[in-house]
Structures are given as structure tokens and as C-alpha cells.
Amino acid sequence: MALAPALFLDRDGNLIVDHHHTCEVHQITPISGVKEALEACLQAGYRLFVLTNQSGINRGKFTWAQYHACNRRMLELLDLPTPGILEIKAAPERPDEPSVYRKPSPQFIREMVAKYQLDPARCWMIGDRITDWDAGKNAGIRSCAVRSGAGRPEDFAYAESQGFAIRADFPEFVRLDLGLKC
Ligand SMILES: [Mg+2]
């Protein structure tokens with residue numbers, strides 16, 4: 001069987017508007033054009049995964065139940081055709097805590113590449129923070145920095161120095177880097 005292409009997607013500031021420790025269902029708002037962009041990716045055969053650092057959980061700012069409710073709301077609003085997003089992985093640890101999956105760890109990406117027989121040469125990690133881009137780099141896949149979230153000018157200077165793609169948002173990435181209409 002041919003290896004499949006895949007996208008590893010940061011959640012806050014990439015798929016949905018980042019409210020900084022987004023944890024209330026009413027805050028969940030897909031970024032404009034993201035639904036159509038994800039649909040174009042599914043149509044083109046990309047496997048979709050979400051990888052999200054959620055230190056607000058271990059900081060005591062919100063609970064796993066709130067986190068899961070937000071994901072359910074996001075999936076409801078996106079309403080993607082089958083197979084949709086195959087797996088969503090959250091790392092609840094704070095930056096100062098040991099963590100297997102917290103970005104920039106490449107662990108989740110590596111596991112999914114093996115489990116779903118993905119082609120690393122056709123995999124991307126897309127997000128708004130350095131930790132996202134470095135997770136892709138550490139996993140040996142390409143990274144895209146989007147300006148739709150919390151990235152600061154110095155972060156994008158770093159992205160440029162690393163040769164990461166830099167785009168306004170996820171839909172622009174899909175159009176320019178994947179060559180899909182959306
Ligand atoms: Mg983010």
C-alpha cells in the first residue's frame with residue numbers, strides 16, 4: 001500500500017481563534033476558511049491529526065472535561081466529511097514538567113507515521129508557535145508557521161531562519177503549499 005500524506009494541525013490559533021487557554025465552549029470559533037480548507041485536504045487524501053499543548057489543564061485553569069467539550073464543539077462546527085480528523089492528542093503538562101507528547105516533542109507525529117503508514121516526505125506540521133514548528137522539525141517533516149495566532153515578530157524571524165513556510169493562515173497554506181483550491 002502506498003504511504004499516505006498527512007497534516008499535523010495545531011488547534012488554537014490555527015484551526016480555531018486563540019483566546020489564550022481557550023476552555024469555554026462559547027469561545028470556540030473556527031478561523032475563517034478553515035473548514036473549507038480541511039475539506040479540500042480530505043478530498044486530496046491527506047490524513048488529518050490534531051496535536052495540541054494544553055498546559056492550562058496542569059496549571060489548574062481548566063479541566064479535561066472542559067477541554068473535551070471544546071473539541072466536541074470544534075468538530076461539530078467544522079462538520080467534516082468522513083474520515084475527518086483521525087486522532088486528537090493533547091499534552092496537559094506545563095512547559096517546566098516532563099512530557100512525552102508536549103510539543104516540540106516529535107513523539108506523536110512519529111507514532112502516527114508508523115500507525116497510519118504515512119509518508120514523512122508528504123507530512124506537515126502547521127501551527128502558530130515555535131513549539132509547533134520545532135515539533136515538525138524534530139519529527140523530520142516540514143513545518144508551516146501561520147500568522148493567525150499568537151506568533152510574535154521574533155518567532156517569525158526564527159521561522160524564516162529555519163526555512164519554515166510562513167503563511168497568513170491555514171487556508172493560505174493549503175492553497176500555496178499543497179496547491180489545493182479552497
Ligand atoms: Mg497554537
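Brief remarks follow.
- Spans of helices (runs of 4 or more DSSP H) in region 35-127 with at least 3 residues out of contact with any Asp or Glu (no Cβ under 7 Å at 6 or more places or on another chain) and buried (at least 16 other Cβ atoms within 10 Å of the Cβ): 64-78, 107-115
- Count of region 128-163 residues, restricted to those that are within 15 Å of the ligand (Cβ to nearest atom) and either in contact with a strand residue (DSSP E or B) (Cβ under 8 Å, 6 or more places away or on another chain) or not in a helix (DSSP H, G or I) (or both), is 21.
- Test for LEU42: is it among the hydrophobic types (A, V, I, L, M, F, W, C) and touching a helix residue (DSSP H, G or I) at 6+ places or on another chain (Cβ under 8 Å): no
- The set of residues in region 140-154 being surrounded by fewer than 19 Cβ atoms within 10 Å (Cβ to Cβ) and touching a helix residue (DSSP H, G or I) at 6+ places or on another chain (Cβ under 9 Å) consists of GLY140, ARG147.
- Single residue of region 1-34 satisfying the filter (part of a helix (DSSP H, G or I) and hydrophobic (A, V, I, L, M, F, W, C)) that is farthest from the ligand (Cβ to nearest atom): VAL25
- In region 165-182, the residues that are more than 22 Å from VAL17 (Cβ to Cβ) and touching a helix residue (DSSP H, G or I) at 6+ places or on another chain (Cβ under 6 Å): LEU180
- The listed residues are ALA150, ALA121, ALA135, and the only one of them that is under 17 Å from HIS21 (Cβ atoms) and either touching a residue at least 60 places away in the same chain (Cβ under 8 Å) or more than 16 Å from the chain's Cα centre (by Cα) (or both) turns out to be ALA150.
- Scanning region 35-56 for residues that are within 15 Å of the ligand (Cβ to nearest atom), among the aliphatic types (A, V, I, L, M) and without any contact (Cβ under 8 Å) to a residue 60 or more places away in the chain yields a single hit, VAL50.
Values in this text are rule-based calculations from the coordinates and carry no lab data. Keep in mind it's a predicted model, so treat the numbers as computed, not measured. All Cβ positions, even for glycine, are placed from backbone atoms using ideal geometry, and neighbour counts span all protein chains on display.
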